[in-house]
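Written below as structure tokens is the structure these notes are about.
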Amino acid sequence: MAILSISRKQFEKDIGKLDEKMENKVAMFGTPIEAITNENIDVEIFPNRPDLLSYGNFKNSFLAFLGKSGKTGLRKIKIEPYNPKKNYEVIIDKSVEKVRPYTACAIVKNLKFDDNKIKEIIDIQEKLHATLGRKRKKAAIGIYPLEEIKLPICYKAIDPDRIKFQPLEFPREITGRQILSQHPAGREYGFLLENYDMYPVFIDASNEVLSMPPIINSHKTGKITRETKEVFVECSGFDLNILKKLLNIIIFSLAEIGGKVYSMNLKYGNKNIATPDLTPESMKISLDNVNKLLGLNLKENDIKKCLEKMGYEYKNKSVLIPAYRTDILHEVDLIEDIAIAYGYENFMPKIPQISTIGEQDKKEVIKKKIAEILTGLGLLETSSYHLTTIDDQIKKTELKETNAVEVMDSKTEYNILRNDLAHYMLKILSENVDVEYPQEIFQLGKIFHQESNIIKEKEHLSIALAPGNFTKAKQIIDYLSKMLNIKFNIVNSSKIPGYFIDGRAAEITFNNKSIGHIGEIHPKILNNFKIKMPVALLEIDIEDVLRELS
Amino acid sequence: MTQNNKEIIESLSPIERKIMPYLKEQNFDLVIKHSGEDRVTALRALEFLNSKGIINLHISKKKIVDLGTNGIFYKKKGLPERQLLHLIEKKSCSLEEAQKESKLSQNEFRAALGALKKKAMIELKNGKIMLNSPKNEIAKKTLEETFIDELPLDYNQLKPEQLFALNNLRERKEIIEIREEQIIKYEVTELGKQIIKEDLSSAESLIEELTPEMIKIGSWKGKKFRRYDVISQVPRIYGGKRHFVSQATDYARKVWTEMGFKEMSGELIMSSFWNFDALFTAQDHPVREMQDTFFLNKNINLNKDIDVKVINNVKQAHEKGIVGSKGWQYKWDEKTAEKLVLRTHTTCLSARTLSKADKNKLPQKYFAVGKCFRNETLDWKHGFEFNQTEGIVIDENANFAHLLGYLQEFFKKMGFEKIRFRPSYFPYTEPSVEIDVYHPEKKIWLELGGAGIFRPEVTTPLLGKAIPVLAWGPGFDRMLMDYYEIKDLRDMYKNDIKQLRQMKLWIKG
């Protein structure tokens, strides 16, 4: 979850008093308040609006939403055009094509950095890396002090052993390959490069390495300080369109703190591209579609106003989209923004007069009946996790043969899907040895079974009685079959789970098919679970029962 | 005899009458001894007499330190360290030899070694165990051995050296058992003294239990019934009950069906296709990482279960977009969609339902209630399983105002009168909305769940046409925790029988 933390003082100075009404407005803009103190207000930024991750951009967009004059409509900043004499150029070498093919760049001057602003810029970068950049995989941003760089810049991929520079906050010069194992950023993001023969680098005209994207900048040419007045900004990655927008988000943020933006010429072979590119995209919108989807009766002028509050421009049934918006894929995305501008609180909720027939799942109805029968006998229903531990499922029950289905990379010791309910019933009894007896419990739920590499999910029923004996358990199954008007058969079998006492357990069949077992639990298993009461237990697969009854 | 004393005598149970003659000595152990009753029965009788004002009963507790199972054994055979000492006294041997010859278990051996090292009675040199103190010193009983001989002892009266020995032994497996013992004292009251003097034989003809036999032959006639102490506490009983989560999910089912929704059901294990791709969640979306979602290291063959047209439509929606959408602009990979996951939301059921819905029979309304999963740690506010409920409305004329109408009605039935809607984001809905409910006691807005209208990139591939589908999928656990006043998420699955027995029923609606 991405959070934008705003100083309360700054907010109240730029936007207005942060009272209950204002708090509500912030939430209604689609940036819910996560935390609020006397110093700070933390708002959540949803993944579709990375452009709001910098305070400057948030402030401007929110003021527009509030309808502040001069703030609505498309935001424009001036870009100084490319001047061939000044070498504001980045040459993209063919070698990057297979590693990290694209970059979008800009130069920003007239900046006054203080510690807070440096922190803010680093913060925006980090957040954009985490969100839109997909942890730097899709896109990464670099910002460099222009004073330390000799233009033009070259973006190319070279042999990692031949890359040599002092990475940011590192004591000495090392090679590109060494960065992956020695620098903290290398260890974290190294996997993004380690499978390539060549690593991408930005190199300036005096052959100085600026950075090795998406891992790390150079300490010498890639560190913003309070002395920095002019910066070179690059975004590298795999989708030029996204990179351009990412660059625009940064540019708008830097412009907000007084930066003057200069265009750069990107030489992709014979092709020249100028970035930043703030040309708004245009998308058609139909008033009918808006009103139909929202259930409103807006006029053209209404949607024009709404769109302007959300930073768009509306002209001739078309919408101009700000060049930093990454989330507008379809007309519905515009319609949502119209709804936000209209105010979610202003909609009149209504239920249409349509007739449909409600119906519960038949199997669920039968399961509920079974539960009712058992609670009628005084049994208590329990509910356990579908995931379980090897210790409970296999070791304590001493079941040697299980084909447990494992889940990958579980964050807890619960890393297999439960194979039966029985072990959970015993676990529950073991965790309640201090509670008054008798403890008579049941559970209905799914278990997972692997059959020739196919995982099957089956509804099971298990009952455990403590103290309990075979007769008592059999009485319950007899009663259940009578109430459900079906026939369970208790038969002798050689295939009884090892956790029962031999000779005091049986197989339960239904329609001549084995569906489970019933019996008294062996004291060695009770010992494993530290249960000091005799336990009778049964477990059956109720899939066929549910099918027959529904 | 006063009337009062007479009634008291008539209310004495046989067991109370039986111990009455032995009360005078005011010693519980003697009462047991002379009456021949067991401890529990005698104590119950005393409690009855106490409530009748015949005696004043004082029950206090004492911590007794005694031998555990291993302790009893060691008292006979000697502590493992003594056994080890005997061995080393004969010859110094290596660690392996010592363990083998001493026949101690690995745990015992380690404990013995530790204990002797701590006392500096041995030392390890070149992997050999050597005695480190004179023989006469070794022959003496250690503090622990003396302590074991002295048990049982009152915990509160342990001397410092006994406490020291206790702490050393306590860490080791089942040598020591500390149990609580009841100390029972009483004195006979003035009233008691009078009753004791009375002739109790008149009470012997009182009817104790009315039996079917007595009713049949009429032997009760002309006799009196022993009076009961109708005020006294009776042992608690508990009824059978549904688990509280089941009670609530059953209620949710009732709410949905009342509103005309039909239940969808399905597996907990889903292909990524239904869980993510069909819901327009790009394949590089962070939710699709193992960090967040449980993957099963297994794939299914999509083409086997799913109409190839649907697969191709979904692919197109992701890659280039569909019905005027730009799509996510990347190469969609079928193999990625084939990975099996534990469903992260019940919305996957909605997607599958849409792919099967009969477009000629609209409107249709469906719901689901069920377990969902995410790869999370386990603590008071996190868990890897949660309950979700989900509803969809497929209706050519459905719109956002309708969505809010359904939501308002649904949450009202779930017991939340004051709700608010605010903008939100989900990859598969647009517009999206979050539902906050107002908590009147805590005076805060609680976030209860997301909703929205499915994006055309979701509906078109599945339905073949961009029909509006309203969808909402509130998490259920928060409502449950609020209702049952559960603070710790783990309590939802703890199966604490005491808690389950005492928990109130779900009464709503």
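Laboratory data are not the source of any read-out in this text; all were calculated from the coordinates shown. If you're wondering where the values come from, they're calculated on a predicted model, not measured in any experiment. Reconstructed Cβ throughout: ideal geometry from the backbone, glycine too, with neighbour counts over all protein chains shown.
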Return the lysines within reach of B:LYS100: Cα separation strictly under 18 angstrom, same-chain partners fewer than 8 residues apart disregarded; answer none if there are no such residues.
-> B:LYS77, B:LYS90, B:LYS91, B:LYS128
Please work out how much length the chain gains when fully extended from A:ASN110 to A:LEU66, using 0.36 nm per residue of separation minus the C-alpha to C-alpha distance, in nm with one decimal.
-> 12.8 nm
Principal axis dimensions, the range B:134-201 - Cα atoms, whole angstrom, descending | 73, 25, 23
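For each pair in B:LYS63/B:LYS125; A:LYS284/B:LYS335; A:LYS350/B:LYS371; B:LYS216/B:LYS504; A:LYS229/A:LYS315; A:LYS137/A:LYS220, compute the distance between the two Cα atoms and list the pairs where it is over 32 Å.
B:LYS63/B:LYS125; A:LYS284/B:LYS335; B:LYS216/B:LYS504; A:LYS229/A:LYS315
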For the range A:3-144, what size does the Cα cloud have along each of its three principal axes, sorted from largest down, in whole Å?
-> 56, 32, 31
With each run of n ≥ 4 DSSP H residues scored as -39500 (n - 2.57), what mean residue ellipticity at 222 nm is computed for chain B after dividing by its residue count and rounding to the nearest 500 deg cm²/dmol?
-> -11000 deg cm²/dmol
Kindly put B:VAL230, A:VAL290 in sequence by how many other C-beta atoms sit within 10 Å of each C-beta, fewest to most.
-> B:VAL230, A:VAL290
Taking a point 7 angstrom from the Cα of A:ASN489 along the C-beta vector, which residues in the range A:504-537 have backbone N less than 19 Å away?
-> A:505-519
Over all pairs of different Cα atoms in the range A:282-344, the reciprocal of the mean inverse distance gives a Kirkwood radius in Å of 11.4 Å
Using 7 Å Cα-to-Cβ label points, what is the B:LYS90/B:HIS34 separation (nm, one decimal)?
-> 5.8 nm
Could you let me know the centre-to-centre spacing of the range B:168-211 and the range A:1-67, using Cα atoms, in angstrom?
-> 70 Å
May I ask you to order B:71-79, B:218-226 by the average number of other C-beta atoms within 10 Å around their residues, highest value first?
-> B:71-79, B:218-226
Proxy exposure order for A:CYS105, A:CYS306, A:CYS235, B:CYS93 (fewest C-beta within 10 Å first) is B:CYS93, A:CYS306, A:CYS105, A:CYS235
What percentages, rounded to whole numbers, describe P(r) for the protein assembly as shown computed over all alpha carbon pairs with 10 Å bin width beginning at zero?
-> 2, 8, 13, 15, 15, 14, 12, 9, 6, 3, 1, 0, 0
Taking the Cα centre of the protein assembly as shown as origin, sum charge times position over the Cβ atoms of Lys and Arg (+1) and Asp and Glu (-1), and report the length of that vector in debye to the nearest 20.
-> 620 debye
Mean-position separation - Cα centroids, the range B:398-424 and the range A:426-488, in angstrom = 40 Å
Quick one: helix A:115-130 against the long Cα principal axis of chain A, what's the angle to the nearest 10°, folded into 0 to 90?
-> 50 degrees
What's the exposure ranking of B:GLU434, A:GLU359, A:GLU345, going from fewest to most Cβ atoms within 10 Å?
-> A:GLU345, A:GLU359, B:GLU434
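Would you work out the relative contact order for the range B:246-502, in percent, from Cα pairs under 8 angstrom that are 6 or more residues apart?
21 percent
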Within chain A, helix-based [θ] at 222 nm, where runs of 4 or more DSSP H residues each add -39,500 (n - 2.57), nearest 500 | -8500 deg cm²/dmol
Distance histogram in 20 Å bins (all Cα pairs of chain A, percent per bin) | 18, 31, 27, 22, 2
At R0 = 51 Å the Cβ-Cβ FRET efficiency linking A:GLU543 and B:LYS193, nearest 0.05, sits at 0.10
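Mind running the shape call on the range A:2-65? Use the C-alpha gyration tensor, a ≥ b ≥ c as the square roots of the eigenvalues: rounded below 1.5 for a/c, prolate if a/b tops b/c, oblate otherwise.
Rounded.
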Distance from the range B:1-54 to the range A:84-128 (C-alpha centre basis), Å = 93 Å
Given a Förster distance of 30 angstrom, what is the FRET efficiency for B:MET130 paired with B:LYS159, based on the Cβ-Cβ distance and rounded to 0.05?
-> 0.35
What distance in nm separates the simple spin-label points at B:LYS326 and B:HIS439, each placed 7 Å from Cα in the Cβ direction?
-> 4.1 nm
Tilt relative to chain A, helix A:55-65 - C-alpha long axis, 0 to 90 degrees, to 10 | 80 degrees
Cross-chain or 8 or more residues apart, Cα under 18 Å: how many lysine pairs in the range A:44-104 fit that? Count them up, please.
-> 4
Taking the range A:79-275 and dividing mean pair separation by its residue count, relative contact order in percent (alpha carbons under 8 Å, at least six apart) = 39 percent
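Could you calculate the contour length gain from A:THR412 to A:TYR196, that is, 0.36 nm times the residue separation minus the distance between their Cα atoms, to one decimal place in nm?
74.4 nm
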Heads up, the range B:78-195 by the C-alpha gyration tensor (a ≥ b ≥ c square roots of eigenvalues; a/c under 1.5 rounded, else a/b over b/c prolate, else oblate) looks prolate
Mind pulling the angle between the C-alpha long axis of helix A:362-376 and the longest principal axis of chain A? Nearest 10 degrees, somewhere in 0 to 90.
-> 50 degrees
Going by the alpha-carbon gyration tensor, a ≥ b ≥ c the square roots of its eigenvalues, is the range A:193-284 rounded (a/c under 1.5) or, if a/c is not under 1.5, prolate (a/b greater than b/c) versus oblate?
-> oblate
Quote to one decimal, in nm, the extra length available between B:GLN3 and B:LYS100 on full extension: 0.36 nm per residue of separation minus the C-alpha distance between them.
-> 27.0 nm
Sum of side-chain charges, A:HIS330 neighbourhood, beta-carbon under 14 Å (Lys, Arg +1; Asp, Glu -1) | -3
Between B:LYS76 and A:ILE33, what is the label-to-label distance in nm when each label sits 7 Å out along the Cα-to-Cβ direction?
-> 7.3 nm
About the Cα centre of the range B:246-502, how large is the charge dipole given +1 on each Lys and Arg Cβ and -1 on each Asp and Glu Cβ? Please answer in debye to the nearest 20.
-> 280 debye
What is the projected area of the convex hull of the Cα atoms of chain B, averaged over all directions, in nm²?
-> 43.6 nm²
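Computed FRET efficiency, Cβ-Cβ of A:SER481 and A:ASN272, R0 51 Å: what is it to the nearest 0.05?
E(calc), rounded to 0.05, equals 0.05.
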Rel. contact order, % - alpha carbon contacts under 8 angstrom, at least six apart, chain B | 13 percent
For the range A:321-415, what is the convex hull volume of its Cα atoms per residue in Å³?
-> 328 Å³
